[in-house]
1. Mind sorting 42, 89 by how few other Cβ atoms lie within 10 Å of their own Cβ, fewest first?
2. Amide H to amide H, which residues 5 or more places from residue 34 or on other chains are under 5 Å from it, using H placed in the peptide plane?
3. Computed FRET efficiency, Cβ-Cβ of residue 21 and residue 83, R0 22 Å: what is it to the nearest 0.05?
4. Karplus couplings for the stretch 3-13 from phi (6.51 cos²θ - 1.76 cosθ + 1.60, θ = phi - 60°), rounded to Hz, Gly and Pro as x?
5. Ordered by residue, what ³J(HN,Hα) values in Hz, to whole numbers, does the stretch 96-108 give under the Karplus form 6.51 cos²θ - 1.76 cosθ + 1.60, where θ = phi - 60° and Gly and Pro are x?
6. Roughly how many whole Å is it from the C-alpha centroid of the stretch 23-66 to that of the stretch 68-96?
7. What's the local net charge at residue 74, with K and R +1, D and E -1, over the other residues with C-beta under 14 Å away?
8. What are the ³J(HN,Hα) couplings of the stretch 46-52, residue after residue, when phi is run through the Karplus curve with 6.51, -1.76, 1.60 and θ = phi - 60°? Round to Hz, x for glycine and proline.
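Just so it is clear, none of the values below were taken in a lab; they were calculated from the coordinates. Since this is a predicted model, take the numbers as computed values, not measurements. Every residue, glycine as well, gets a Cβ built from its backbone with ideal geometry; the counts of neighbours run over all protein chains shown.
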Amino acid sequence: MCFQFYEGKGYSEDFTDHMGRVIAQLEKDPSQEVKLTVATDVVCANCPNNEGGSCNSLDKVKRYDEEVLKACNLVEGEEISFAKFTQLVRSETIDKGLRSSICEDCSWDYICRPKEKESKRTVLVDSQLVRSEIIDKGLRSSICGDCSWDYICRPKENETK
């Protein structure tokens, strides 16, 4: 979940440089598979809490990881594309408002909290854009007419006219 709001701040310059490279590599090819791990991994390589390959705050980090995996209906050891994983984290934790309950005691919460609020505002803007560009222009039925859920949307569309 940390990748969603990471902005180059961290424990040290070594840590932030490494984290930035890891994220850039994954974003360069989001189709690449990642193995889901709840232990010290490549992301943790330059973390000061990584002492010889073991995390000295593993209980807390493991709790975060396990809760994210559970919310996304994923399991440790599973391999999934980075794109699919980030989409699931966004839709199943952030968009559902679970980030703060999962990471409530994280020392970086002050960075993520305002970004989470901004991402919710973006979703609202996007839904307003859908309304103004699709529904208000009468294009919904031509786009969604074959959808099996059309019977739900059609009456609601008529109510808003």
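1. Placing the least packed residue first, the sequence is 42, 89.
2. Placed amide hydrogens put 80, 81, 82 under 5 Å from residue 34.
3. Rounded to the nearest 0.05, the efficiency is 0.75.
4. Along the stretch 3-13, the couplings run 4, 4, 10, 4, 9, x, 9, x, 5, 7, 5 Hz.
5. These are the phi-based 3J(HN,Hα) values: 8, x, 8, 4, 5, 6, 6, 10, 4, 9, 6, 5, 9 Hz.
6. 14 Å
7. Residues close to residue 74 contribute a combined charge of -4.
8. Rounded to whole hertz, the list is 10, 6, x, 7, 8, 10, x.
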